[in-house]
Amino acid sequence: MLRLLLKLLVYVCGATCCALLVLSGFGPMIITQEPITGYVMLLHVGLAGFFTVCVALFALFSSTRHIFTKPDQLLLRYMLLGNQDSRITASTSAGFWMKICYWLMLIVSLPLMLSIALSMFPLFGPEAQETLRCLHIYSAFLMILMIVCYFCTSLVYQFKRFNS
């Protein structure tokens, strides 16, 4: 019961932090075409630490559910080689895409966090600083895309599991 409550807390905190990070990160760029500064930057940086912890806990809690299994390997073989197998079902396909989104989300989170962390050290010149900032922005966009895809595929997977 405690583990379930902790998972729920991580999901809610992670989703809240993600939404606020998107608003504080992309909001000023869209509205004023200027980088974030001042209190918005403080909010963004403060929430980033909580979001990082939530991503790490999400990875720890969910990694065993997202291990690729034999049906996933059969589906991948079918997609790459065209070998049809009767064991491939619609729920297998939805679960496969959910796992792909999960692992891509974790992979994208690394450059998202490392790019901005590396830019805080005086190791790089102005051009590299700008490159790291752009990498952070593009990684954030990909992370948002992966989170939305993961949420949608997990809904489809739960719906198909419930109906079968």
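The values are calculated or read from the model by the stated rules, or taken from the named source; none is laboratory data. All values reported here derive from a predicted model rather than from experimental measurement. When we count neighbours, we look across all protein chains shown, and the Cβ atoms used for this are built from the backbone with ideal geometry, even at glycine.
Given the conditions (1) exposed (fewer than 14 other Cβ atoms within 10 Å of the Cβ); (2) in a helix (DSSP H, G or I); (3) aromatic (F, W, Y), which single one is not true for Y150?
Result: Y150 passes all but (1).
Collect the residues in region 27-66 that are under 24 Å from K99 (Cα atoms), free of Cβ contacts under 8 Å to residues at least 12 places away in the same chain and among the small types (G, A, S), keeping them in residue-number order.
A56, S63
Go through (1) modelled with pLDDT under 90; (2) under 20 Å from T16 (Cα atoms); (3) β-branched (V, I, T) one by one and return the number of the condition V156 breaks.
(2)
When you go through (1) modelled with pLDDT under 95; (2) aliphatic (A, V, I, L, M); (3) closer than 20 Å to H44 by Cα one by one for L142, which number turns out not to apply?
Looking at each condition in turn, L142 falls short on (1).
M120 is checked against (1) under 28 Å from T64 (Cα atoms); (2) loosely packed, with under 15 Cβ neighbours inside 10 Å and fails just one. What number does that condition carry?
Looking at each condition in turn, M120 falls short on (1).
Quick one: count up the residues across region 118-139 that are farther than 20 Å from L47 by Cα and part of a helix (DSSP H, G or I).
6
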